[in-house]
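To keep things clear, I will list the structure first and then write my remarks on it.
The values are calculated or read from the model by the stated rules, or taken from the named source; none is laboratory data. Every value quoted in this text rests on a predicted model; they were computed, and no experiment measured them. Cβ placement follows ideal geometry from the backbone for every residue including glycine, while neighbour counts extend to all protein chains displayed.
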Amino acid sequence: MDAGTEPIPSPPGLPLVGNLRDIDSTAPIQSLVRLADQYGDIYRLNIVGRTAVFVSSHALVNELCDEKRFKKNVGSVLKQVRNGVHDGLFTSFGAEEPNWGKAHRILTPAFGPLSIRNMFDDMHDIASQLTLKWARQGPLEPIHVTDDFTRLALDTLALCAMDYRFNSFYTKEMHPFIRAMGGFLVESGNRSRRPPLPSMLYKRADLQYEADIATMRAVSDGVLQTRKQQNPPSSRKDLLAAMLAGKDPRTGETLDDDAITNNLITFLIAGHETTSGMLSFALFDLLRHLEAYQNAQKEVDNICGKGPITVDMVNKLKFVPAVLRETLRVHSTIPAIGMTALKDETLAGGKYAVRAGEAITLLLAKAHLDPAVWGDDAREFRPERMLDDNFARITKEHPNCWKPFGNGSRACIGRPFAWQEALLTMAMLLQNFNFRFDDASYQLRVKETLTMKPDGFFIRAQLRNGLTPTLLEKRLSGSSSETGSGNRTPTLDKEAALTSTTGQAISIYYGSNSGTCEAMANRIAADAPAHGFHADVLAPLDAAHPNLPKDRPVIIVTASYEGEPPDNARLFVNWLSSLKDDASATKGTAYAVFACGHRDWAQTFHKIPKLVDELLEQCGGERLVPMGGTDAADGNMFEDFETWEDGVLFPALKKKYGGQDVEGGALSSLTIEITTPRASNLRQDVREAIVVAAYPLTEGGSARRMHLEIQLPSDIKYSAGDYLAVLPFNRQASIMRTMRRFRLPWDAHITVHAPKGSDAQTNLPINTPLPAYGVLGAYVELGQPATKRVSFVLR
């Protein structure tokens, strides 16, 4: 066990059992897991003159996840990765480096539910490229699964994060950035295990290492400068835009260019490895467990059918998410996380001692298989155990038993991004292909880099249901108008929301980091006039500290973040908590609370909304209605919210305060006038018709011919020899889809009329004729999901 150094004294109860020589440098995690099988759930090694502790049971992992006693340890490999990305989110030392907190707070809204939904189209774009590649290769071509999923994850991140295309599916050779990143990561691992020899012996490797870092930073810097110099400025709402325009809500500071570059590279490094590994293991597991494969494919068929896959369909899947959860449990793509004690500590009720600052590695690859949590079949792949209700029960009974995305404040900020990307990809592949192993005798081999992936895993893909690559391309290319572009939810301008002054006043407050709760608060303000109320206050929850209104109803919409209040609700929650022993502190305040959350965080699900709801009552407040709530995992957040708003909140307010509905809602006093000047300015017999089908009859070339099917107006007849004039127009799919829905000719104009003194709220110009195309393109939000309550009145 000699490591070539002087013996290091060991605290009582945890002797040294080995050293660096016991660890296979090509598979260190697998070596450490084998040592755990030999020495038990906790052991200590001598690593080149320092000690390191390794734990692998759920009980110990749960204890070490307490951020009041332990913090993330940036270990030897990550310290080398810092050479390229410095204090990026993943490699930062944490609060001691200001850029970590600043970037985390600025980027949190960019990873909120609404922002992630808005990335669906770009995700669909890259997933379609993968799907078409596999289709065109044909059923006899072996597919290198991990290689293609790595291309998918990198291209998706680059497009969604910074509007950059690596185009990995169109070139045999990887983009220089990707080659440089691969070399950089491999050498970072090598450098962490170097023996203490003179640097001159590593000169060639060091020169290549520095060159790879320079390539990565040059590409990222180039993307950054291109975006900054765009004129007019880009309107994209991606991660790069958030980093350029965002201000830290606590300090008001922005990120400098170096910090932005660090985090762009960080997202690509940290995000592509984990997602590609998860998808690769998931496909392997399904092929090894055909019943689960059939159940997953059946669910996709039932929910997605044979048409385009939409974001709402993805959110309705239940078994496919269970497959991914179980995959991350059985095959931990992040096999270990590092922690360190803030002070000298003991573990397991004083049984084991660890020093302050000593490296402690949580071997998730073994802890995720603990029979004490998962039963005697813990090593078996069984997705049913991860279905929503059972998963919620297990994670509630055994906190921190499932940690594939890290821990606490240092958990993966991109989890919602990766989850939506993985669900979409799995759904698209299961919808369109049947898979089989290229080698039926293949036995799983695991390759370790920063993460774990299957090694040498090849499959073959056969298109389903008589599809051909050409038909598949048409299906996928025709889906853009049906996917994420129809699912954006706008927030109402606060000035517009507060223009009404009639009816009972209400005060609306929100606690929101990602923007979802703020959007719901804006919705209440916009809907209030239709029910005989008006919003006199629409503000973050901290604005109610310490003077909560008592002369009007108070509506609160908030969420929890890692069990803590949103950044703009911390003051309020702390103040309210300090009043819990005062039974009259909020006497006279009538209130209602709506909660947002995600059940995967079972321990803290709706924690802050529940706390606010309970404390307000304990301190003398009057609860108007039971707390409402929604679960982001179901994908129906705004549907749930509207059901509560229409069916619970406003009926209770009207019962108590006597509000009165305005027939037809807030828009009932608006009238819309539609004119078609283009037709009148052309020949009198010009009429609009609808193209119902269009597809090519020939393959490319200058003599390309198309088949068109045109639906003429009912009073127009066409005979052979008649002329048909086609007026070309470059349309945007979502705009034209809306115009077709309401049978508007493309050159229609819209004039919105509002009587003087009307409370109706709209962000459209009043009494001003505008082209309908321009209105739908620039004045209204077509991306908002059409809920059951939404209706339009055309007159």
Which members of segment 61-89 meet the condition of being charged (D, E, K, R), within 13 Å of residue 339 (Cα to Cα) and part of a loop (DSSP other than H, G, I, E, B)? 66, 67, 68, 69
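Residue check: is residue 392 out of contact with any Pro (no Cβ under 8 Å at 6 or more places or on another chain), closer than 16 Å to residue 322 by Cβ and at pLDDT below 95?
Yes: the conditions hold for residue 392.
Residue by residue, here is whether (1) under 24 Å from residue 58 (Cβ atoms); (2) in contact with a strand residue (DSSP E or B) (Cβ under 9 Å, 6 or more places away or on another chain); (3) of a type in the set (D, E, K, R) holds:
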position: 392; (1), (2), (3): yes, no, no
position: 401; (1), (2), (3): yes, no, no
position: 409; (1), (2), (3): yes, yes, no
position: 413; (1), (2), (3): no, no, no
position: 418; (1), (2), (3): yes, no, no
position: 421; (1), (2), (3): no, no, yes
position: 437; (1), (2), (3): no, yes, no
position: 443; (1), (2), (3): no, no, no
Under 7 Å by Cβ, and 6 or more places apart or on different chains, what pairs join a residue from segment 569-582 that is within 28 Å of residue 514 (Cα to Cα) with one that is surrounded by 15 or more Cβ atoms within 10 Å (Cβ to Cβ) and hydroxyl-bearing (Ser, Thr, Tyr)? 569/558
Please verify whether segment 563-586 includes one or more residues that are crowded, with 22+ Cβ neighbours inside 10 Å, at positive phi and not β-branched (Val, Ile, Thr). no
Where in segment 96-148 are the helices (runs of 4 or more DSSP H), entirely inside, with at least 2 residues that are of a type in the set (D, E, K, R) and touching a helix residue (DSSP H, G or I) at 6+ places or on another chain (Cβ under 6 Å)? 120-137
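Could you please find all residues in segment 456-467 being out of contact with any Ser or Thr (no Cβ under 8 Å at 6 or more places or on another chain) and touching a residue at least 40 places away in the same chain (Cβ under 8 Å)?
458, 459, 460, 461, 462, 463, 465, 467
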Of all the helices (runs of 4 or more DSSP H) wholly in segment 268-380, which have at least 3 residues that are surrounded by fewer than 18 Cβ atoms within 10 Å (Cβ to Cβ) and not hydrophobic (A, V, I, L, M, F, W, C)? 290-304
When residues of segment 535-557 are limited to those that are crowded, with 21+ Cβ neighbours inside 10 Å and over 20 Å from residue 570 (Cβ atoms), the one farthest from the chain's Cα centre (by Cα): 553
If you take the residues in segment 38-97 that are of a type in the set (Lys, Arg) and under 17 Å from residue 194 (Cα atoms), which one is surrounded by the most Cβ atoms within 10 Å (Cβ to Cβ)? 82
